[in-house]
Amino acid sequence: MKRGFFLSIFGIALFGLIVWLTIRFWPKPSDTIYEYYKKEKWEKVISLVKKSASPTPEDLFYGSQSLLRLNAELITKDAEDRSKISARLQKENGIGSGKSLESKGEFPVFEDPFILQLRPGGYWRQKAILSRVEIAGEWEDDILFLRDLKELLRSNPVTLGISSYSSVLKKVLRRETKLSDGDQIKLSELLGFLSVREDSTLLGSRFKNTGENTNLRTGPGTENPGKARLKKGLLLYALDKDPRSETVQGRKGNWVQVYIPELQISGWIFSHFLEEDPYPSTKAEDTFAEFSQSEKSQAWDFAFWTEDKIPPGFHGEYIPTEKLALDGDYGIVLYKSKTGKYKEICRIVEEPFRSLEFLTASLSGEEPVPIFKLYSGRPGEWKPSYQIDLDRESISINRNKYILGSGGKKRFQLGIFSVNGTISASLLVGEKTVLQGISPEEELTSTEGVLFKLCLQQADKKSDSNAAAFQFKFLF
């Protein structure tokens, strides 16, 4: 009887453990969405995001991308399959479609409910628009395409990646969409800025036409018909070059595909008629400074946080702790663990950032207190990158220590850099760089598509050493 009793207790305990492990490690909705996205299961992604009660900006981005890529796949399908997929999306997810004509006949163009929920001007919205302009240009009508192009021109090429941005811009300029005067000026400034950047895919500098009434042709070669006659001194930007050399009017050169902002057309011109007229470097530097400014800087603080609940925006296993006010700033108190074990409450950074400012203070005790850990990657495959520890006299990043010399509240800055595809970090105290060339805990090879997650470290058993974190500010 006793044996049966103990077996029952053991069975209940085992069942409880299984339930706990299932809840603890069951894939989060965002993890599942990303896994389906990697496997190109577009309709599953769309369904999950559409039915999610509170999708993250990243979820909405993947929903938009999946809808876009599913739409692109329809080009290869016959009319019957197109109708079936379109009807299925309408029935199961309430996503309608309009009609567009392309080379293979009537083509359903899906409405995108996800992109409309992304914050205008935010990283995920800009990234979604970049893909949309590049891919949907194959089937969007002029009105829809112009709408997307106008938004692209107001996106940040530095945040999106100058190489990716310039490649898409080169492609869409060949469509020759007519812009308003204001948008034409904006495009000219962008092309000027991109023309001096080494990481741009534009073919070098800005040029001007040196010939009188030069013939702009539809293709590379005199056998192609003329498209327009160009006046002398007209400014233009090189998009592509025919690698074959040719002799025209006794001069050897190459045919270059160009875009002319003033005329809003593209075409081919012989290189003999091109002379470099570089965009002013001071203007390019000013433009870069504007793009690099943190007008979109995102700050997290604890001003409206109440101690009985997890701080807004964070998720994880929260251990109630104290709220601290110091010199007008409100902070969350963090402790050194007696056992060395910590619970993490985390928050995903919605946009790739170039530096993170954080305001912290050591409060009491002699031992270092883990303030936060930065993970990189994506949901389902996070890698530990950088950990910050603080004591009364020093701050450490991945066990690289800098002696502060005195306690009190201080502002630090963690910079994230990519050099030749390798990630490293630096640490600033005020305006002074005190540590640099710090490698992540696990190697990262590229920032392309990499997100970051910041996790506060909460002690399972508190000690006498504690510190406070007051604010995190991300500069993009």
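The values are calculated or read from the model by the stated rules, or taken from the named source; none is laboratory data. Worth saying up front: this structure is predicted, and the values here are computed from it rather than measured. Glycine also receives a Cβ, built like all others from the backbone with ideal geometry; neighbour counts cover every protein chain displayed. Accessible surface areas use protein heavy atoms only, side chains included; no ligands, DNA or RNA. Shrake-Rupley method; radii C 1.70, N 1.55, O 1.52, S 1.80 Å.
Could you grab the pairs with beta carbons closer than 8 Å, sequence gap of 6+ or different chains, first residue in segment 346-368 and on the phi > 0 side of the Ramachandran plot, second one open to solvent by less than 40 Å² (accessible area, probe 1.4 Å) and not in a loop (DSSP other than H, G, I, E, B)? Cβ pairs passing all conditions: Gly365/Ser463; Gly365/Ser465; Gly365/Asn466.
Name the residues in segment 272-293 that are assigned to a loop (DSSP other than H, G, I, E, B) and open to solvent by less than 40 Å² (accessible area, probe 1.4 Å), would you?
Taking segment 272-293 as the starting set, the residues that turn out to be assigned to a loop (DSSP other than H, G, I, E, B) are 277-280, 293.
The one that is assigned to a loop (DSSP other than H, G, I, E, B) and open to solvent by less than 40 Å² (accessible area, probe 1.4 Å): Tyr279.
Among residues of segment 45-63 that are closer than 20 Å to Pro120 by Cα, those with a Cβ under 7 angstrom from a residue that is of a type in the set (D, E, K, R) and open to solvent by less than 10 Å² (accessible area, probe 1.4 Å), sequence gap 6+ or separate chain, pair up as Val49/Asp59.
Might you check whether a residue that is of a type in the set (Val, Ile, Thr) and modelled with pLDDT of 90 or more occurs anywhere in segment 397-407?
Just the residues of segment 397-407 that are of a type in the set (Val, Ile, Thr), to begin with: 397, 403.
Then drop every residue that is not modelled with pLDDT of 90 or more, which leaves 397, 403.
Yes, some residue in segment 397-407 is of a type in the set (Val, Ile, Thr) and modelled with pLDDT of 90 or more.
With respect to the conditions (1) open to solvent by less than 40 Å² (accessible area, probe 1.4 Å); (2) outside any strand (DSSP E or B); (3) closer than 27 Å to Trp139 by Cα, Leu263 lacks only one, and its number is (1). Take the conditions (1) surrounded by fewer than 20 Cβ atoms within 10 Å (Cβ to Cβ); (2) modelled with pLDDT of 90 or more; Ile129 misses just one of them, which is (1).
Of the numbered criteria (1) at pLDDT 95 or above; (2) in contact with a Pro (Cβ under 7 Å, 6 or more places away or on another chain), the one Glu307 fails is (1). Selection of segment 308-325 for residues being within 28 Å of the chain's Cα centre (by Cα) and part of a loop (DSSP other than H, G, I, E, B) yields Ile310, Pro311, Pro312, Gly313, Phe314, Glu317.
Scanning segment 404-420 for residues that are surrounded by 14 or more Cβ atoms within 10 Å (Cβ to Cβ) and within 29 Å of the chain's Cα centre (by Cα) turns up Arg411, Phe412, Gln413, Leu414, Gly415, Ile416, Phe417, Ser418.
Just to be sure before I move on: is Ser155 in contact with a helix residue (DSSP H, G or I) (Cβ under 6 Å, 6 or more places away or on another chain) and in a loop (DSSP other than H, G, I, E, B) in the structure I sent? In short, yes.
Is it fair to say Arg69 is without any contact (Cβ under 8 Å) to a residue 60 or more places away in the chain and part of a helix (DSSP H, G or I)?
Details: without any contact (Cβ under 8 Å) to a residue 60 or more places away in the chain: no; part of a helix (DSSP H, G or I): yes.
The answer is no for Arg69.
Filter segment 200-228 for residues that are hydroxyl-bearing (Ser, Thr, Tyr) and in a loop (DSSP other than H, G, I, E, B); which is nearest to Ser266 (Cα to Cα)? Steps first, answer last, please.
Residues of segment 200-228 that are hydroxyl-bearing (Ser, Thr, Tyr), as a first pass: 200-201, 205, 210, 214, 218, 222.
Narrowing further to those that are in a loop (DSSP other than H, G, I, E, B): 200-201, 205, 210, 218, 222.
Values: Ser200: 19, Thr201: 16, Ser205: 16, Thr210: 17, Thr218: 8, Thr222: 16 Å.
The extreme case among them is Thr218.
Looking for whichever is more than 17 Å from the chain's Cα centre (by Cα), open to solvent by less than 50 Å² (accessible area, probe 1.4 Å) and among the acidic types (Asp, Glu) here; the options are Glu198, Glu176. Which one fits? Talk me through it step by step, then tell me what you get.
Numbers: Glu198 fails: open to solvent by less than 50 Å² (accessible area, probe 1.4 Å).
After ruling out the rest, the residue left standing is Glu176.
Please return the ranges of strands (runs of 3 or more DSSP E) entirely within segment 337-403 where 1 or more residues are of a type in the set (Val, Ile, Thr) and either open to solvent by less than 10 Å² (accessible area, probe 1.4 Å) or within 22 Å of Thr422 (Cβ to Cβ) (or both). First the steps, then the outcome.
Working: elements: 342-349, 355-364, 369-377, 383-390, 394-397, 400-403.
The qualifying strands (runs of 3 or more DSSP E) are 342-349, 355-364, 369-377, 383-390, 394-397.
Here Arg175 meets each of (1) part of a loop (DSSP other than H, G, I, E, B); (2) closer than 27 Å to Pro225 by Cα; (3) out of contact with any Gly (no Cβ under 9 Å at 6 or more places or on another chain); (4) without any contact (Cβ under 8 Å) to a residue 40 or more places away in the chain with one exception, condition (3). Screening Glu151, Glu212, Glu140 for residues that are farther than 30 Å from Leu48 by Cβ and among the acidic types (Asp, Glu) leaves exactly one candidate, Glu212.
Listed here are the residues, each with its yes/no results for (1) open to solvent by less than 50 Å² (accessible area, probe 1.4 Å); (2) acidic (Asp, Glu); (3) at pLDDT below 90.
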residue	(1), (2), (3)
Lys38	no, no, yes
Lys41	no, no, no
Ser47	yes, no, no
Gly63	yes, no, no
Leu70	yes, no, no
Ile95	yes, no, no
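Residues in segment 72-86 that are open to solvent by 60 Å² or more (accessible area, probe 1.4 Å) and of a type outside the set (Asp, Glu): Thr76, Lys77, Ala79, Ser83, Lys84.
Could you tell me whether any residue of segment 214-222 is in contact with a Pro (Cβ under 9 Å, 6 or more places away or on another chain), open to solvent by 60 Å² or more (accessible area, probe 1.4 Å) and under 24 Å from Lys186 (Cβ atoms)? No: zero hits.
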